[in-house]
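Visitor: Here it is: the structure, laid out below.
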Amino acid sequence: KPASLSQKIISELLRKDLAYQGLVLTDDMNMKAISQDKQLWQEAIVQAVAAGSNIVLVCSQLDNWISAIDALEREGRRSEAFANKLYASAEKVLLFRRNQLAF
């Protein structure tokens, strides 16, 4: 499993054990290992946020960008806990943009 999708790596090792509080970005989710199957790709987008990533990189292909947003919105409607993760990540990104968090 790629580190970008691993709760053990992001939430446990990085956040808890190493006490990292900054932003976590994924690798480009258009990598072949992840992007070969569209349904699995959408699940990977959700897994990345569930694992603790704040920003999911989709560096090309507009249709994949739209698909990623759809997957996140769908999961946010399905799960209040996931929606809370999305809101918390958005807030963290905005705080970073205001230079209140160290990267």
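To keep it simple, each residue is scored yes or no on (1) part of a strand (DSSP E or B); (2) buried (at least 18 other Cβ atoms within 10 Å of the Cβ); (3) touching a helix residue (DSSP H, G or I) at 6+ places or on another chain (Cβ under 7 Å); (4) polar (S, T, N, Q).
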site	(1), (2), (3), (4)
Ser4	no, yes, yes, yes
Ile10	no, yes, yes, no
Leu14	no, yes, no, no
Gln21	no, no, no, yes
Asp27	yes, no, yes, no
Gln42	no, yes, yes, yes
Val56	yes, yes, yes, no
Cys59	no, no, no, no
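Visitor: Of the residues in region 74-103, how many are open to solvent by less than 40 Å² (accessible area, probe 1.4 Å) and part of a loop (DSSP other than H, G, I, E, B)?
Guide: 1
Visitor: What residue, of Ala50, Ala71, is aliphatic (A, V, I, L, M), touching a helix residue (DSSP H, G or I) at 6+ places or on another chain (Cβ under 7 Å), open to solvent by less than 20 Å² (accessible area, probe 1.4 Å) and not in a loop (DSSP other than H, G, I, E, B)?
Guide: None of the other options fit; the residue is Ala71.
The values are calculated or read from the model by the stated rules, or taken from the named source; none is laboratory data. The model shown is predicted, which means the values in this text are computed figures rather than measured ones. Every residue, glycine among them, receives a Cβ derived from its backbone with ideal geometry; neighbour counts consider all protein chains shown. Keep in mind that these areas ignore ligands, DNA and RNA; they rest on the heavy atoms of the full protein, side chains included. Shrake-Rupley method; radii C 1.70, N 1.55, O 1.52, S 1.80 Å.
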